[in-house]
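Novice: To start, I am sharing the structure in question, which I have written as structure tokens.
The values are calculated or read from the model by the stated rules, or taken from the named source; none is laboratory data. Everything numeric in this text was worked out from a predicted model, so none of it was measured. All Cβ positions, glycine included, derive from the backbone under ideal geometry; neighbour counts span all protein chains shown. Just so you know, the surface numbers come from the protein's heavy atoms only, side chains and all, with ligands and any DNA or RNA stripped out. Shrake-Rupley method; radii C 1.70, N 1.55, O 1.52, S 1.80 Å.
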Amino acid sequence: MNGNATTASPSLFERGMLMLREKGDLELYANVFVIGWAVIFTLWQGVGFAVTLGTVFCIWAILSVSLNLVVGYTGLLSVGHIGFFGIGAYGMAILTSDTSYELLRTESIPQFGLPFFAALPICVLAAGVAAVVVGVVFNRFRDDIYVLVSFGFAIIAFNVFLSWRALTRGAYGIPDVQRPQIGSWVADGEIEFLALCVVFLLIVVGISWFLVSSSFGRVLKAIREDEQVAQVFGYQTTYYKLAIWVISAMMAGLAGGLLGSFTTFVDPNSFILLESMLLVSIVILGGLASIRGSLLGALAFVLLEEGMRFITYLPSEFIGQVRQVVLGVMLVLLMLFRPQGLAGRYKL
Amino acid sequence: MVATDQDIANRDGSDAPASEALLDLVDISVHYGAVIGLDKVSLAVNQGELVAVMGPNGAGKSTVLKAIMGLAPVVGGTVYLRGEPLDVATHEIVKQGISFVPQGRRVFTHLTIEENLRLGCLHVGDRDEQERRLESTLDLFPILRDKRRDYASAMSGGQQQMLAIGRGLMAGPDVLLLDEPTLGLAPIIVTEVFEKISEISQVLRTTILVVEHNIQSILDIASRAYILNNGRLAHDGSPESVRETDILTDVFLGKVGDEEA
Ligand SMILES: Nc1ncnc2c1ncn2[C@@H]1O[C@H](COP(=O)(O)OP(=O)(O)OP(=O)(O)O)[C@@H](O)[C@H]1O
Ligand SMILES: [Mg+2]
């Protein structure tokens, strides 16, 4: 596109560089590669694996799409999203789990025994309420401080999960979290649960798409670029920032509720700061302000995590590290050659 | 458009605005920490006027406009709009009828031209009115109509300046504040921008307060001019009065500033 006039015949390297910078091509290759990878895994490992993969993908896709609303569209670099995810998961666990059979009586926690579908809206609301509180505080800070205070929020949330033992059982975690149930029909089959997750993912993607294409989304993008000018034109930017922050957190709470029910066991280790960092990497790799990019990023991430289990000669304790190294290397490479991510238009 | 040559220095120090001025700044002081941005600057703009603010770099010209928009740390004085103190938050000011086109254009480069323009009038609830404003702005700047679906980042500096002014007009202002609208533009584009500014003033009858460094061109179309130096008012009066005195050379060569120091 812009390299045609400089040299008559570009070297292979130059053409490669050019290809990487051309948005359409790289995005297409990435899509083909990641989806192809998923298909190959499914053929190799069977449908059961694909169902697990799909469910985990839906949960992480909800997370990354929702985080992109804040980081990508509004330009608020938050690394604390995992906190809202955790609130959703713990909400589901505390409200639905039946710990009466637990042997560890010392760690008994209140019993609510709510059904899944009653607990899920409460998870979403709880994340929303937490987001209002956190957001009102965060709005006092300049955008470049955001990353630090959101970092603090992630750490605080983790420590609450770990230390508020009367509610969370601390490091023991909460077992026997309920699966969805409508009447006598229990979605304890993995396929049913996947279907439910797909529905929620579609809802989240639909809401997100509607928001970013609306005039509300236009204001978010304006805030991202020049908050002061947005104010000059009559937008109370703190209100917009708080609104999208709360909406995004509620989506993360939903993802958390699904995760708790899916794994039927919730403990603090799923909500460490590192997971939050990985989530931010997914959003950046996939592309800021691109919903498609976040879906792609989430799929690649989940493949990396779940797929690595089948590399039999890799000791299981290294899987986590290898996943992080691969993600780290990809992040560095992409920031070098395509700072706008696979499908995005913005740079960080 | 009669130049009303108010002698602001003669005010008796009371906080009352001049009754007929549309926009009236009385003894505005701005302190950026230890740096004094403005020191008791008074300035009035009457209905329908085109008022120029001039002065060397760092004189406080932008600060005057920012003080009106609530974007500068004002430590003293009052801004009056239609005789009423204008003490509302920045995002409320556009609804009062003041629109600001900042220095350096600051268009939203990742949005299309049409999206940029629409952002200028979203506070107007009425859809039909929004469409009408869009059409009249696109009529005023045909180049924007041709490129309305393009991203603002794909535009030249001159086109971005037209977009910035157009976005300001979308708010339907009674007073348009323009900060250095010709900065960094080629001479031919500068001429075009000046033509647009006088068109907005003459045809749309919008009151304009403009900061400008192209002194001769702006004096040709301005009704009155203020000259700032070191955060203080060095002169105000008709364009002729500015041309007759040596005030411009004095200010720009730093003579006035030296005396004060
Ligand atoms: N945000 C700020 N923080 C500290 N000092 C500032 C700030 N903005 C402006 N100043 C100072 O206030 C004074 C006036 O600045 P202002 O931007 O109003 O000047 P100006 O006349 O518009 O200059 P220019 O022609 O360069 O645009 C300058 O000394 C400047 O350094
Ligand atoms: Mg300036």
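Novice: So B:T90 fits all but one of (1) away from ligand 1 (no atom under 16 Å from the Cβ); (2) without any contact (Cβ under 8 Å) to a residue 24 or more places away in the chain; what number is the exception?
Specialist: The single condition B:T90 does not satisfy is (1).
Novice: Among the residues of the range A:251-265, are any among the β-branched types (V, I, T), part of a loop (DSSP other than H, G, I, E, B), in contact (Cβ under 8 Å) with a residue 12 or more places away in the chain and away from chain B (no Cβ under 14 Å)?
Specialist: yes
Novice: Quick one: which of B:N214, B:N116 is out of contact with any strand residue (DSSP E or B) (no Cβ under 9 Å at 6 or more places or on another chain) and modelled with pLDDT of 95 or more?
Specialist: Every option except B:N116 fails the conditions.
Novice: Also, quick follow-up: Please give the number of the condition B:D128 fails out of (1) more than 16 Å from ligand 1 (Cβ to nearest atom); (2) assigned to a helix (DSSP H, G or I); (3) modelled with pLDDT of 95 or more.
Specialist: (3)
Novice: Across the range A:232-250, which residue is nearest to A:S213 (Cα to Cα) among those that are open to solvent by less than 20 Å² (accessible area, probe 1.4 Å) and more than 9 Å from chain B (Cβ to nearest Cβ)?
Specialist: A:I244
Novice: Now, a different point. Going by what's in this entry, would A:R179 be described as within 14 Å of chain B (Cβ to nearest Cβ) and either at pLDDT 95 or above or surrounded by 15 or more Cβ atoms within 10 Å (Cβ to Cβ) (or both)?
Specialist: no
Okay, residues lined up against (1) in a helix (DSSP H, G or I); (2) of a type outside the set (G, A, S); (3) surrounded by 24 or more Cβ atoms within 10 Å (Cβ to Cβ):
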site: B:G37; (1), (2), (3): no, no, yes
site: B:V41; (1), (2), (3): no, yes, yes
site: B:G48; (1), (2), (3): no, no, no
site: B:N57; (1), (2), (3): no, yes, no
site: B:V64; (1), (2), (3): yes, yes, yes
site: B:A72; (1), (2), (3): no, no, no
site: B:V75; (1), (2), (3): no, yes, no
site: B:T78; (1), (2), (3): no, yes, no
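Novice: On the given criteria, is B:E212 within 16 Å of ligand 1 (Cβ to nearest atom) and either in contact with a His (Cβ under 8 Å, 6 or more places away or on another chain) or of a type in the set (A, V, I, L, M, F, W, C) (or both)?
Specialist: No, not satisfied.
Novice: Still on this structure: In the range B:104-126, which residues are touching a residue at least 40 places away in the same chain (Cβ under 8 Å), more than 9 Å from every other protein chain (Cβ to nearest Cβ) and surrounded by fewer than 17 Cβ atoms within 10 Å (Cβ to Cβ)?
Specialist: B:G104
The rows are residues; the columns are (1) within 13 Å of ligand 2 (Cβ to nearest atom); (2) within 14 Å of another protein chain (Cβ to nearest Cβ).
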{"site": "B:G33", "(1), (2)": "no, no"}
{"site": "B:I36", "(1), (2)": "no, no"}
{"site": "B:S42", "(1), (2)": "no, no"}
{"site": "B:V45", "(1), (2)": "no, no"}
{"site": "B:M54", "(1), (2)": "yes, no"}
{"site": "B:N57", "(1), (2)": "yes, no"}
{"site": "B:V64", "(1), (2)": "yes, no"}
{"site": "B:A72", "(1), (2)": "yes, yes"}
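Novice: Give the range B:39-71 a look and list any residue that's over 17 Å from B:L228 (Cα atoms) and within 13 Å of ligand 1 (Cβ to nearest atom), or say none.
Specialist: Within the range B:39-71, B:M69, B:L71 meet the criteria.
Novice: Right, here's the next one. I'd like to check something: does the range B:53-62 contain any residue that is at pLDDT 95 or above and among the polar types (S, T, N, Q)?
Specialist: yes
Novice: Between residues in the range A:323-348 that are part of a helix (DSSP H, G or I) and residues that are charged (D, E, K, R), which pairs lie under 6 Å by C-beta distance while being six or more apart or on different chains?
Specialist: Correct list of pairs: A:R323/A:E305.
Novice: Let me ask something else. Within the bounds of the range B:179-197, is there any residue that is of a type in the set (A, V, I, L, M, F, W, C), within 12 Å of chain A (Cβ to nearest Cβ) and surrounded by 16 or more Cβ atoms within 10 Å (Cβ to Cβ)?
Specialist: There is no residue in the range B:179-197 that is of a type in the set (A, V, I, L, M, F, W, C), within 12 Å of chain A (Cβ to nearest Cβ) and surrounded by 16 or more Cβ atoms within 10 Å (Cβ to Cβ).
Novice: Quick one: would you say B:L169 is away from ligand 2 (no atom under 16 Å from the Cβ), within 14 Å of another protein chain (Cβ to nearest Cβ) and open to solvent by 10 Å² or more (accessible area, probe 1.4 Å)?
Specialist: Criteria met by B:L169.
Novice: In the range B:80-103, which residue that is within 7 Å of another protein chain (Cβ to nearest Cβ) and open to solvent by less than 30 Å² (accessible area, probe 1.4 Å) is farthest from the chain's Cα centre (by Cα)?
Specialist: Across the range B:80-103, the extreme among qualifying residues is B:H91.
Novice: If I ask for residues that are within 15 Å of A:L278 (Cα to Cα), modelled with pLDDT of 80 or more and exposed (fewer than 12 other Cβ atoms within 10 Å of the Cβ), which ones from the range A:302-342 would you list?
Specialist: A:V325, A:V329, A:V332
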